[in-house]
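The structure appears right after this line, and notes come after that.
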Amino acid sequence: MLDLLPDLFDHYPQELQLINLPWQTFGQHTVFTGQIITVKCFEDNSKVKDVLATPGHGKVLVVDGGGSNRRALLGDMIAQSAVDNGWQGIVIYGCIRDVATINSMNIGVKALGVNPIKTDKKGLGETGIDLEINSINIKNGMTIYADLNGVAISDVALAL
């Protein structure tokens, strides 16, 4: 299915919340869905690297990077780790880098933009916590849906 979100919103308008931001799409999977795992960090992707190095089958990492465009929270090596560990996708409220390489990978990625500068690695950040992105509350275990139309979440998995 190429256009997941329009169909989901047609069937479940009350169960979905749109994270209405100017997302850019990267990776070979333009449509992805999965159980949300959360990370909150600011210009330090240590926790992103740690989480994506664990098994992620059926999961999507949602990273609250504070919307920063000064550093990239995801690059090709960490994205490859996500692919190797079976993650469905990554949504970053912030930037990524190594775009050409990530676009060749078997994963879906959403981010606000790109920046070629890597982060400092200080081990800072939190995992598994509640996030608020663009006034939308996002919790570990919710379900996320992404396609070229945007990004939405629901409390439970929805079927078409």
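The values are calculated or read from the model by the stated rules, or taken from the named source; none is laboratory data. None of these values were measured; they are calculated from a predicted model. In this analysis, Cβ positions are derived from the backbone assuming ideal geometry, glycine residues included, and neighbour counts consider all displayed protein chains.
Computed values, structure above
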| quantity | calculated |
| --- | --- |
| Number of positions in region 103-139 that are in contact with a Phe, Trp or Tyr (Cβ under 7 Å, 6 or more places away or on another chain) and either free of Cβ contacts under 8 Å to residues at least 24 places away in the same chain or part of a strand (DSSP E or B) (or both) | 6 |
| Unmet requirement for residue 93, which otherwise passes all of (1) in a loop (DSSP other than H, G, I, E, B); (2) closer than 20 Å to residue 23 by Cα | (1) |
| Selected residue (criterion: nearest to the chain's Cα centre (by Cα)) from residues of region 53-68 that are within 16 Å of residue 111 (Cβ to Cβ) and either touching a residue at least 60 places away in the same chain (Cβ under 8 Å) or assigned to a loop (DSSP other than H, G, I, E, B) (or both) | 62 |
| Matching option when the condition is in contact (Cβ under 8 Å) with a residue 60 or more places away in the chain, charged (D, E, K, R) and surrounded by fewer than 24 Cβ atoms within 10 Å (Cβ to Cβ), among 50, 76, 10, 84 | 50 |
| Some residue of region 47-69 being modelled with pLDDT of 95 or more, acidic (Asp, Glu) and farther than 18 Å from residue 113 by Cβ | yes |
| Residue among 138, 117, 133 that alone is modelled with pLDDT of 95 or more, surrounded by fewer than 13 Cβ atoms within 10 Å (Cβ to Cβ) and touching a strand residue (DSSP E or B) at 6+ places or on another chain (Cβ under 7 Å) | 117 |
